[in-house]
Amino acid sequence: MKIIPDTNPSPTQQLHSAITGFFISQVIGTVARLGIADLLAAGARDSDSLAAELCVHPGALFRLMRGGITAGILEAVSERTFALTPMGEGLRSNVPGSMRDVAIMLSDKSHWLPWGLLPEAVRTGRSPVQAALGSDIWEHLARHPDEAKHFAQAMGNLSGLVASELTHHIDFAPYARVADIGGSHGALLAQVLTDNPSCRGILFDLPQVAEGAKPVLESRGLASRVDVVAGSFFEPGIPSAEAYLLKHILHDWDDESSTALLRQLHAAAPSGARLFVLELVIPDNRKPDSSHLIDLNMLVIADGRERTEDEFRALLAATSWKVERIIPTRSGASIIETVKA
């Protein structure tokens, strides 16, 4: 049986291809981790010279790169010489829309091992991450700085996809201060401030994360316009601002924890403050949609969940945030604009 049939695959062949899908994700993740796309940026290379440069087994690297053809990220120029495909270009570092860190993160232990316990998550309705990693996901990342680095960079890359959509749809000029809550290294906030020179920013995150934002903001020439504040959004101490950003935070938590977070935000916000929630919104459950798989990822990794529009409206109403509009974007995330009630 071919892994990916050439034409007219039977249902059994399609099923086999889907079952072996994890082969593809590990091929892509390994190519990303080795930095092969960066080494091919200038043009095709033979696998033996790449193996010598990377200090890896030449035969195994050839087999990996041949697998990259089936994964859609590489093409064979000659017998042992490979080049990037347009899709493979997305694995390069520091290019617009780079998916390199996302590929590394999703094929690394922090995600890979818990997904192996999906049956346990379905049986109990709880994340198996403690059994898989020996701690929750945040403690695991704190103990493994290399994984944490790729996680933060992956979140920054995903923020880049959302940021241009956010500033296209929302004018932040009326807000003196914009606070990004759980803003990681500040990619989203940086875009808002770049497009709105009159605004000042506040980046709020855990101490070990917030510290990593400072060089990013300095590289964008924004350090003087941003106050970096360390803290937990489950505790008092969230700064006051006229507008708040909450990107891909609520999906990390169940309804009880999300409610506690939103109430802390409400208590910190001045009258009339706006909260912009950027999250996937699950559409009609009867049609295929990638949000269904991402929802399972949140169950496995963090006891979190993606939500439908009705579920978001109920959660926000219960914490005194009035939903004014929901704007779908091309990034996949929707902008849920709310005001403090």
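The values are calculated or read from the model by the stated rules, or taken from the named source; none is laboratory data. Just so we're clear, the structure is a prediction, and the values are computed from it rather than from any experiment. For neighbour counting, all protein chains shown are included, and Cβ atoms are generated from backbone atoms with ideal geometry for every residue, glycine included. Just the protein is used for accessible areas: all its heavy atoms, side chains included, with ligands, DNA and RNA removed. Shrake-Rupley method; radii C 1.70, N 1.55, O 1.52, S 1.80 Å.
Structure notes:
- Being within 21 Å of P328 (Cα to Cα), touching a strand residue (DSSP E or B) at 6+ places or on another chain (Cβ under 8 Å) and assigned to a helix (DSSP H, G or I) holds for only one residue in S159, S164, and it is S159.
- The stretch 152-194, residues that are modelled with pLDDT under 95 and acidic (D, E): E165
- Conditions (1) farther than 27 Å from G116 by Cβ; (2) open to solvent by less than 30 Å² (accessible area, probe 1.4 Å); number of the one not met by C55: (2)
- Counting only helices (runs of 4 or more DSSP H) wholly contained in the stretch 78-130, the ones carrying 1 or more residues that are modelled with pLDDT of 95 or more, of a type in the set (A, V, I, L, M, F, W, C) and surrounded by fewer than 15 Cβ atoms within 10 Å (Cβ to Cβ) occupy 118-124.
- Take the conditions (1) under 24 Å from Q264 (Cβ atoms); (2) assigned to a helix (DSSP H, G or I); (3) at pLDDT 90 or above; S224 misses just one of them, which is (1).
- Qualifying residue in the stretch 286-299 (condition: of a type in the set (A, V, I, L, M) and closer than 22 Å to F234 by Cα): yes
- Scan the stretch 179-213 for residues that are surrounded by 17 or more Cβ atoms within 10 Å (Cβ to Cβ) and in a helix (DSSP H, G or I) and the total you get is 12.
- Failed condition for V216, given (1) in contact (Cβ under 8 Å) with a residue 60 or more places away in the chain; (2) surrounded by fewer than 24 Cβ atoms within 10 Å (Cβ to Cβ); (3) more than 20 Å from the chain's Cα centre (by Cα): (3)
- For the condition at pLDDT 95 or above and not hydrophobic (A, V, I, L, M, F, W, C), G212 does not qualify.
- Among the residues of this structure, S334 does not count as one that is touching a residue at least 24 places away in the same chain (Cβ under 8 Å), over 22 Å from L188 (Cα atoms) and of a type outside the set (A, V, I, L, M).
- Being at positive phi and under 21 Å from the mean Cα position of the chain (by Cα) holds for only one residue in G35, G43, and it is G35.
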